[in-house]
1. Hey, can you tell me all the residues within the stretch 36-75 that are of a type in the set (Val, Ile, Thr) and without any contact (Cβ under 8 Å) to a residue 60 or more places away in the chain?
2. Has the stretch 136-154 got at least one residue that is modelled with pLDDT of 90 or more and not in a strand (DSSP E or B)?
3. I'm checking my understanding of the structure. Among residues of the stretch 33-92 that are of a type in the set (Asp, Glu) and surrounded by fewer than 12 Cβ atoms within 10 Å (Cβ to Cβ), which one is nearest to the ligand (Cβ to nearest atom)?
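The values are calculated or read from the model by the stated rules, or taken from the named source; none is laboratory data. Values in this document were obtained by computation on a predicted structure and should not be read as measured data. Glycine gets a Cβ as well: all are built from the backbone with ideal geometry, and neighbour counts include every protein chain shown.
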Amino acid sequence: MGGAGVAIDTEVSISELPRVAAAVLHDTRPIRLRIRAQESDRGIVLIDGDLQAMLVLTCQRCLDEMSVGIDSSLRLALLSQPIEEDLIPAGYEPLVIPAGKVRLADLVEDEILLELPIAPRHADQDCGPLKENVKALKGSASKTETTTPFAGLADMMRDAN
Ligand SMILES: [Zn+2]
């Protein structure tokens, strides 16, 4: 590895990411991004980072809103032109940027769009009508729990005698 590298720890607002903004119901807390960029001996810029986001999407089953957490790590090799795979350090995904410049927001946006569920759905117990069913089931279960299993036992024993 050559060079000391650059470390970035920042927050990106969803409003800066139009394609993500179009996919979410409303803006929530910003996306946390931490990356370290280093230039390899071969002049490849290697990016190591992670991003965390909490996005509000529409549940495709009950159409109510749901939060989806994204916790993703980035390992990218930025290239100005395609090179042989074996020149890229293992574990890094090549990303060709002809102009040699990359907007951080674009990287974040691409990564989030990759991670977004195509048809987000609540877990059964959290989903609209199903949630009501689960509640009803729980309600009836707790009702049976309030009747102590030994209630009436004394009566039964007396009857048996
Ligand atoms: Zn739902």
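1. ILE44, VAL45, VAL56, VAL68, ILE70
2. no
3. ASP71
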